[in-house]
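Colleague: Below is one structure. I have some questions about it.
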Amino acid sequence: MTGLGDAQPLATERVWAVGPLVRAVADTLAARFNPVAVQGEISGFSRAASGHCYFALKDDAGQLRCAMFRRSADALDFAPRDGLRVQVRGRLDVYGPRGDLQLIVEGMKPAGQGSLYEQFLRLKAALQAEGLFEPERKRALPVHPRHVGVVTSLGAAALRDVATALRRRVPHVAVTVFPASVQGAQAPAEIVAALDAASTHRGPRGACDLLLLVRGGGSLEDLWAFNDERVVRAVAASALPVVVGVGHETDFTLADFAADLRAPTPTAAAELCAAPREQRLNELAYLQERLQGGARNALDAQGQHLDRLAQGLGRPSARLAQAQQRLQGLQAGLQGSTRLWMQRQSLHQRQLAERLPLALVRGLERRRERLARSEAALALLDPRLVLQRGYAYLTNASGQAITRTAQATPGEALQATLSDGVLPLRVREPGA
């Protein structure tokens with residue numbers, strides 16, 4: 001039997017070097033398929049510091065690695081993300097260093113949402129309609145937490161990041177880990193159980209003041225446990241304030257919307273829940289300095305006030321002199337005011353004495369004129385003036401005025417008063 005190293009190639013068999021074979025396959029793909037348009041769902045999207053984008057396009061049957069260089073990525077008018085269904089155009093190629101098939105994407109446009117993303121949007125709309133994401137129900141975090149609970153996997157890098165940040169910033173704060181899977185079918189139930197256990201936990205350092213729900217980044221599928229309705233409702237119903245720090249800064253889950261505070265990363269969640277110990281010590285030192293300064297200033301002010309009181313008590317003659325001087329000033333002011341008042345009253349009396357005779361004369365003249373007008377008006381009402389114009393004044397025997405024929409009876413004696421005397425009259429029958 002011959003070993004593999006002893007085999008000899010056939011005369012008609014071509015032996016390829018790896019590099020040329022990879023290049024030949026790439027050329028064959030390019031000639032057979034390029035340019036090519038592909039539709040699928042984005043998974044594992046990332047953008048490097050260079051601006052180049054890397055992701056996979058997948059469907060139910062498989063997935064294809066993709067690369068999109070910065071020039072093409074900058075031309076997009078939307079932000080690619082995991083779960084988004086897109087249609088891309090580009091060219092198939094083989095990445096020589098690894099021999100991987102990849103699609104060099106030169107253009108991309110949305111082609112509808114992926115199935116997971118559609119579930120995400122539907123559940124988000126339903127929970128939002130219930131009010132689970134309203135800002136009014138968000139609770140403020142405690143300013144000085146003494147005990148922090150962390151819900152995450154014991155093997156997760158996020159736990160190490162959170163522990164490092166808390167140890168660096170607030171080493172005096174107690175930390176209790178409530179382990180739970182953060183990926184997979186069993187993760188939602190374990191996260192809910194861990195949240196419930198944290199809410200009722202009572203340890204040597206007492207109950208937790210707040211909870212951190214954290215895990216590292218990943219694709220939409222990797223983070224799907226944090227979009228589970230059970231987890232979202234448990235976060236919203238937690239008896240303790242909850243800070244969710246899941247994935248990277250661009251990753252969003254439904255648990256983020258239900259949390260009292262969303263952190264862009266697990267480390268940021270730890271930093272947001274507690275200010276650094278040095279900052280708190282600096283604040284205390286500042287408050288101590290202000291308190292001591294205020295106390296010193298108050299003591300100095302009271303001492304000065306006491307000195308002024310002591311000076312006043314030690315020199316009663318000076319105070320008596322001040323009081324006498326003030327009294328003299330008041331007396332001088334009173335005398336001056338009295339003289340001025342008397343001068344004004346004397347001047348007023350002289351003015352009245354000068355105006356009184358003239359006022360009496362004018363008053364008498366006005367009354368005489370008024371009397372003359374009254375006499376003229378009364379004369380116009382004299383009945384004798386009417387009699388002088390040919391009128392007569394009729395009265396009966398009793399002196400009652402006769403103004404209508406019905407008041408006189410035949411044979412009755414009447415008197416007619418004229419301007420120069422009285423005529424006796426008698427009433428006759430009509431026609432007699």
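Please treat every number below as a calculation from the coordinates, not as lab data. Source: prediction; values computed, not measured. Virtual Cβ from ideal backbone geometry, glycine too; neighbours counted across all protein chains shown.
Colleague: Of Thr338, His201, Tyr117, which is farthest towards the positive pole of the chain's charge dipole, taken about the Cα centre with +1 and -1 on the beta-carbons of Lys, Arg and Asp, Glu respectively?
Modeller: Farthest towards the positive end: Thr338.
Colleague: Counting only residues 5 or more places away or on other chains, whose amide H sits under 5 Å from the amide H of Gln87 once H atoms are built in the peptide plane?
Modeller: Here the answer is Lys109, Ala111, since their amide H atoms fall under 5 Å of that of Gln87.
Colleague: Under 5 Å between amide H atoms, partner at least 5 residues away or on a different chain: which partners does Glu412 have, H built in plane at 1.01 Å?
Modeller: The list, which skips near neighbours in sequence, is Val427.
Colleague: If each of Gln415 and Arg32 carries a label point 7 Å out from its Cα toward its Cβ, how far apart are those two points in nm?
Modeller: 16.0
Colleague: Let me ask you something else. Sum -39500 (n - 2.57) across every DSSP H segment of at least 4 residues in the chain, then divide by the residue count to get the 222 nm mean residue ellipticity, nearest 500. Numbers along the way, then the final one.
Modeller: Values: 11 runs with 194 residues, N = 432.
Result for the chain: -15000 deg cm²/dmol, rounded to the nearest 500.
Colleague: Lysines near Lys124 by alpha-carbon distance under 20 Å, same-chain residues fewer than 8 away left out - which ones?
Modeller: Excluding near neighbours in sequence, the set is Lys138.
Colleague: Please pull out the direction-averaged projected area of the chain, using the convex hull of its alpha-carbon atoms, in nm² to one decimal place.
Modeller: Working: hull surface 308.7 nm².
If you wrap the Cα atoms of the chain in a convex hull and average its projections, you get 77.2 nm².
Colleague: When the Cα centres of the range 103-178 and the range 16-67 are compared, how far apart do they sit, in Å?
Modeller: Rounded to whole Å, the Cα centres lie 32 Å apart.
Colleague: Got a sec? Charge dipole of the chain, +1 on Cβ for Lys and Arg, -1 for Asp and Glu; which of Leu299, Ala187, Ala236 is way out at the positive end?
Modeller: Leu299
Colleague: Oh, and also: With +1 on each Lys and Arg Cβ and -1 on each Asp and Glu Cβ, how big is the dipole of the chain about its Cα centre, in debye rounded to the nearest 20? Walk me through the numbers before you get to the answer.
Modeller: Details: 53 positive and 42 negative charges, 678 e Å.
With only Lys, Arg, Asp and Glu charged at Cβ, the dipole is about 3260 debye.
Colleague: Let me ask something additional. Using Cα centres only, tell me the gap between the range 383-422 and the range 211-267 in whole Å.
Modeller: Computed from Cα coordinates, the inter-centre distance equals 125 Å.
Colleague: Largest first and in whole Å, give the semi-axes of the range 386-426's equivalent ellipsoid, each being the square root of 5 times a Cα gyration tensor eigenvalue. List each step's numbers first, then the result.
Modeller: Numbers: eigenvalues 68, 24, 13 Å².
Each semi-axis is the square root of five times an eigenvalue, giving 18, 11, 8 Å.
Colleague: Give the lysines reachable from Lys58 as a straight Cα distance under 22 Å; neighbours fewer than 8 places away on the same chain don't count.
Modeller: Lys109
Colleague: Could you state the angle between the C-alpha long axis of helix 18-33 and the longest principal axis of the C-alpha atoms of the chain, as a value from 0 to 90 degrees rounded to the nearest 10?
Modeller: 50
Colleague: Taking a ≥ b ≥ c as the square roots of the Cα gyration tensor eigenvalues, with a/c under 1.5 meaning rounded and otherwise prolate when a/b beats b/c, else oblate, which class fits the range 341-432? Walk me through the numbers on the way to the answer.
Modeller: On the way: a/c = 7.36, a/b = 4.81, b/c = 1.53.
Prolate, because a/c is 1.5 or more and a/b exceeds b/c.
Colleague: Among Asp59, Asp382, which comes first, then next, by fewest other beta-carbon atoms within 10 Å?
Modeller: Working: Asp59 14, Asp382 10.
Arranged by neighbour count, lowest to highest, Asp59, Asp382 become Asp382, Asp59.
Colleague: Right, another one. Relative to the longest principal Cα axis of the chain, at what angle does helix 115-130 sit, 0 to 90 degrees, rounded to 10?
Modeller: In the chain, helix 115-130 runs at an angle near 30 degrees to the longest axis.
Colleague: So how strong a dipole does the range 109-261 carry about its Cα centre when Lys and Arg Cβ are +1 and Asp and Glu Cβ are -1, to the nearest 20 debye? Before the final figure, lay out each step's value.
Modeller: Working: 16 positive and 16 negative charges, 120 e Å.
Here the range 109-261 has a charge dipole of around 580 debye.
Colleague: Pick out, from Phe55, Leu141, Leu381, the residue whose Cα sits farthest towards the positive end of the charge dipole of the chain, with +1 on the Cβ of Lys and Arg and -1 on the Cβ of Asp and Glu.
Modeller: Farthest along the dipole direction, towards plus: Leu381.
Colleague: Follow-up question, since we're still on this one. Can you compute the charge dipole magnitude of the range 4-136 about its Cα centre, using +1 on each Lys and Arg Cβ and -1 on each Asp and Glu Cβ, nothing else charged? Give it in debye, rounded to the nearest 20.
Modeller: On the way: 16 positive and 16 negative charges, 93 e Å.
Its charge dipole is roughly 440 debye.
Colleague: Measure nothing fancy, just the Cα-based angle from helix 277-314's long axis to the longest principal axis of the chain, in degrees from 0 to 90, nearest 10.
Modeller: Helix 277-314 sits roughly 30 degrees off the main axis of the chain.
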